[in-house]
Amino acid sequence: MKRGLILEGGAMRGMFTAGVLDVLMENGIEFDGAIGVSAGATFGCNIKSRQIGRAIRYNKRFSHDWRYCSLRSLLSTGDLYGADFCYNILPHQLDIFDLDTYRQNPMEFWVVASDCVTGKPVYKRLDTCDDRDLAWMRASASMPLASRIVEVDGYHLLDGGITDSIPLDYFESIGYDRNVVVLTQPRTYRKGPNRLLWLMHLILRRYPMIVKALRNRHLEYNRTTAMVHNRADKGEVLVICPESPLNISRTSKNPDEMQRVYDEGRRIAKAQIDAIKQFLNNHQ
């Protein structure tokens, strides 16, 4: 049996995930592998480095630093979330990412990014969190219109949520057969068409396949979430998700709102700790 952890994105809704992960770590719950999408990747990597509290700490600390997230950053660098600050200065100088623990922890950590040329998801295992791995992590979280396309390993990549928001099928295909899925939307949520698709079509016109994926994203997302919840009802997976909409902006810079959403993740996870332990220890 291989125990997997699947982490949806959602930008600052990812503070919910950060709260869930901290509770899992505090309770000694470990997995053989985790796969993160977008914010699920950038915040989720802290479970492999075993750094409880890091995600909420640095998000609150740097929420008003223009280098972290701002219109100034978008206009001057092409990225709303500054690439050099977020993936170099912050983890290496300001809130140190524990590379040694990350590399020694046998748990696999995967991310999902979207191939702009093919319009398909690309899955990448990140073993070292070196500069190349960080580029993949950045690619996974590079939202259309708010980020430059990331070029790494011959790919042109954007946000993994465009093509595979909840990569349960992929994780099962590589042998993970006991999976916990952390979602950042409540069960009742249904995604609608993107109202800025016309602008994405204009900006990404060189990449018609990724535009097609963006056009169909809401349909695929709704199909996938319905499947995940249906399987949870049958006891085949375990889902952790908010009970109601988190009501936080995707790019919120309000530390109080971040803390509120983080605390909600902690509350939900604590309420499910016994169920999580029972599910992961069930070999049937």
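Within the range 69-113, the set of residues being outside any loop (DSSP other than H, G, I, E, B) and aliphatic (A, V, I, L, M) comprises 71, 74, 75, 83, 89, 90, 94, 99, 111, 112, 113.
Scanning the range 153-173 for residues that are closer than 21 Å to residue 200 by Cβ and either among the hydroxyl-bearing types (Ser, Thr, Tyr) or surrounded by fewer than 24 Cβ atoms within 10 Å (Cβ to Cβ) (or both) gives 155, 156, 163, 164, 165. Restricting attention to the range 256-263, does a residue exist that is more than 13 Å from residue 59 (Cβ to Cβ) and outside any strand (DSSP E or B)? Yes - at least one qualifying residue is present in the range 256-263. Scanning the range 129-148 for residues that are out of contact with any Ser or Thr (no Cβ under 9 Å at 6 or more places or on another chain), at negative phi and open to solvent by 50 Å² or more (accessible area, probe 1.4 Å) returns 130, 131, 132. Pairs linking a residue in the range 211-225 that is more than 16 Å from residue 195 (Cβ to Cβ) and open to solvent by 30 Å² or more (accessible area, probe 1.4 Å) to a residue that is assigned to a helix (DSSP H, G or I) and not polar (S, T, N, Q), with Cβ atoms under 9 Å and 6 or more positions apart or on different chains, are 220/213.
Exactly one residue among 72, 67, 61 is farther than 21 Å from residue 149 by Cα and among the basic types (Lys, Arg), and that residue is 61.
For the range 61-99: of the residues being more than 19 Å from the chain's Cα centre (by Cα) and of a type in the set (Gly, Ala, Ser), which is surrounded by the most Cβ atoms within 10 Å (Cβ to Cβ)? Selected residue: 73.
Could you tell me which residue of the range 69-85 is farthest from residue 141 (Cα to Cα), considering only residues that are charged (D, E, K, R) and without any contact (Cβ under 8 Å) to a residue 40 or more places away in the chain? The selected residue is 72. Restricting 28, 4 to residues that are outside any helix (DSSP H, G or I) and in contact with a strand residue (DSSP E or B) (Cβ under 8 Å, 6 or more places away or on another chain) narrows the list to 4. Any residue that is of a type in the set (Gly, Ala, Ser), without any contact (Cβ under 8 Å) to a residue 40 or more places away in the chain and in a loop (DSSP other than H, G, I, E, B) - is there at least one of those in the range 114-137? No, every residue in the range 114-137 fails to be of a type in the set (Gly, Ala, Ser), without any contact (Cβ under 8 Å) to a residue 40 or more places away in the chain and in a loop (DSSP other than H, G, I, E, B). Checking each residue in the range 161-186 for being under 25 Å from residue 245 (Cα atoms), in contact with a strand residue (DSSP E or B) (Cβ under 8 Å, 6 or more places away or on another chain) and in a loop (DSSP other than H, G, I, E, B) picks out 163, 164, 165, 166, 167, 183.
When you look at residue 32, is it open to solvent by less than 10 Å² (accessible area, probe 1.4 Å) and at pLDDT 95 or above, yes or no? The answer is no for residue 32.
The values are calculated or read from the model by the stated rules, or taken from the named source; none is laboratory data. Keep in mind the model is a prediction, meaning the values are calculated, not measured. Heads up, the Cβs are rebuilt from the backbone with ideal geometry, glycines too, and the neighbour counts pull from every protein chain shown. Each accessible area value is taken on the protein alone, full model and side chains, heavy atoms only, with ligands, DNA and RNA left out. Shrake-Rupley method; radii C 1.70, N 1.55, O 1.52, S 1.80 Å.
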